[in-house]
Amino acid sequence: HAKLSGRDAVVAYFDDLDIERERRRMIEVALRGAWEGNRLELHFQPLIKLKNREIVSFEALLRLTTDTGEQIPPNEFIPIAEQTGLIHEIGAETIRRAIDIAKTWPEDLFVSVNLSPEQFRRHDLVSRIDSILKEAGFPSHRLELEVTENLLLRDEERVSDQLSRLNALGVSIAMDDFGTGYSSLGYLWKYNFDKLKVDRVFLEGYEFNQDKHRDIIETIILLGHKMGMEVTVEGVETASQDEMLDRLKCDQLQGYLFGRPMSANDAATLLEDGVQDQTVSERKSA
Ligand code: C2E
Ligand code: MG
Ligand code: MG
Ligand code: MG
């Protein structure tokens, strides 16, 4: 259609800015007092152990619903929580609630919680997590914290110190979305992570170029294992991806094939019933 010119283009530009600013404000309002208003909720997605196909953990994932019923994805509201400083309270409460739920699970399960790089700006991050664990009487080794590569771009000294203090608490640290950020192998060298979570981009389009996808994932798994880490592959959606990963012997799988993020109640039911692993039973009976 016709190109806007002159004054019309300028007006359209400022209209867009207004709409965006209004939306950000709406999300910020929804985030304030969101737990009390039940606008924020934790969902749980299972992590499956490759070897025996049992659930070993659930990852806690935040969900925001506005008063008008709109679902805002975390990729949109987490940055706003970060910019407004709300992330510190939301982050702490997320750990508290995730632990509360995990306490109802069998004791050999752990729970995974995402930490935003922004949370590391506070000097009291580690002591706060320590008190949350103590207040809940929850064993630190049952908590895994997921951090992204972006974290490591800033204030190296402080982050390094915080990570080793978390480690000393007995909490596990996973590097999330591995391979997508400004990855530097130097970071793996410098910090001790317990786990690598391979980002789902490496599985996207697997069906169209299987060898290429398999080769890079195999290499990342090997790298992780060589460096003494466990490796989880995210975003497993199809039986053929699952079969490939089964041969590559990563440690854990996560993805829609095994379960979407679900309410705490549905997670409890899944724990009772077990994962319906079609792919494995099909393969066994084949
Ligand atoms: P993440 O930590 O990498 O979480 C995995 C994301 O991948 C989740 O999206 C999950 O729903 C999605 N996913 C899992 N399996 C599959 C699959 O098989 N296929 C596809 N297409 N997607 C899959 P979600 O819940 O939208 O979360 C997006 C991101 O938001 C998370 O990525 C995490 O970085 C962030 N996030 C979520 N909850 C929190 C939180 O409590 N705190 C912080 N700081 N960040 C959070
Ligand atoms: Mg994560
Ligand atoms: Mg992830
Ligand atoms: Mg990811």
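The values are calculated or read from the model by the stated rules, or taken from the named source; none is laboratory data. Being a predicted model, the structure only gives us computed values, none of them experimental. Every residue, glycine as well, gets a Cβ built from its backbone with ideal geometry; the counts of neighbours run over all protein chains shown. Heads up: the accessible areas ignore ligands, DNA and RNA and are worked out on the full protein's heavy atoms, side chains in. Shrake-Rupley method; radii C 1.70, N 1.55, O 1.52, S 1.80 Å.
With respect to the numbered conditions (1) open to solvent by 70 Å² or more (accessible area, probe 1.4 Å); (2) in contact (Cβ under 8 Å) with a residue 40 or more places away in the chain; (3) part of a loop (DSSP other than H, G, I, E, B), which one is the sole condition not fulfilled by Pro106?
(1)
Looking at segment 231-247, is at least one residue touching a helix residue (DSSP H, G or I) at 6+ places or on another chain (Cβ under 8 Å), away from ligand 1 (no atom under 16 Å from the Cβ) and in contact (Cβ under 8 Å) with a residue 24 or more places away in the chain? I'd like the intermediate steps shown before the answer.
Residues of segment 231-247 that are touching a helix residue (DSSP H, G or I) at 6+ places or on another chain (Cβ under 8 Å), as a first pass: 231, 233-236, 238-245.
Checking the rest, the ones that are also away from ligand 1 (no atom under 16 Å from the Cβ) come to none.
Among the residues of segment 231-247, not one is touching a helix residue (DSSP H, G or I) at 6+ places or on another chain (Cβ under 8 Å), away from ligand 1 (no atom under 16 Å from the Cβ) and in contact (Cβ under 8 Å) with a residue 24 or more places away in the chain, which makes the answer no.
Among the numbered criteria (1) touching a helix residue (DSSP H, G or I) at 6+ places or on another chain (Cβ under 9 Å); (2) open to solvent by 50 Å² or more (accessible area, probe 1.4 Å), which single criterion is violated by Asp18?
(1)
Out of everything in segment 56-97 that is within 16 Å of ligand 4 (Cβ to nearest atom) and farther than 20 Å from Val111 by Cβ, what residue ends up being surrounded by the most Cβ atoms within 10 Å (Cβ to Cβ)?
That would be Pro79.
Condition (residue is part of a strand (DSSP E or B) and surrounded by 14 or more Cβ atoms within 10 Å (Cβ to Cβ)) applied to segment 133-142: is it met by at least one residue? Please lay out each step first, then the result.
The first filter runs over segment 133-142 and keeps only residues part of a strand (DSSP E or B), leaving none.
No: zero hits.
Is one or more of the residues making up segment 112-132 crowded, with 18+ Cβ neighbours inside 10 Å, small (Gly, Ala, Ser) and not in a helix (DSSP H, G or I)?
Yes, the conditions are met somewhere in segment 112-132.
Any idea how many residues of segment 186-196 are surrounded by 14 or more Cβ atoms within 10 Å (Cβ to Cβ) and charged (D, E, K, R)?
Within segment 186-196, residues that are surrounded by 14 or more Cβ atoms within 10 Å (Cβ to Cβ) and charged (D, E, K, R) number 2.
Which pairs do you get when a residue that is part of a loop (DSSP other than H, G, I, E, B) and open to solvent by less than 50 Å² (accessible area, probe 1.4 Å), found in segment 159-185, comes within reach of a residue that is more than 16 Å from ligand 4 (Cβ to nearest atom) and modelled with pLDDT of 95 or more, reach meaning Cβ atoms under 6 angstrom, with the pair 6+ apart or on two chains?
Every condition considered, the pairs that remain are Gly170/Ser140; Gly170/His141; Val171/Ser140; Val171/Leu143.
Please verify whether Leu223 is under 21 Å from Ile55 (Cβ atoms) and aliphatic (A, V, I, L, M), treating the condition exactly as stated.
On the way: under 21 Å from Ile55 (Cβ atoms): no; aliphatic (A, V, I, L, M): yes.
Spelling it out, it is not the case that Leu223 is under 21 Å from Ile55 (Cβ atoms) and aliphatic (A, V, I, L, M).
I'm trying to understand the selection: among the residues of segment 78-109, which are within 10 Å of ligand 1 (Cβ to nearest atom) and under 14 Å from Ser57 (Cα atoms)?
Once the filter is applied, which keeps residues that are within 10 Å of ligand 1 (Cβ to nearest atom) and under 14 Å from Ser57 (Cα atoms), segment 78-109 yields only Ala98.
If you go through segment 209-221 one residue at a time, do you hit one that is touching a residue at least 12 places away in the same chain (Cβ under 8 Å), more than 16 Å from ligand 1 (Cβ to nearest atom), under 26 Å from Leu145 (Cβ atoms) and open to solvent by less than 60 Å² (accessible area, probe 1.4 Å)?
yes
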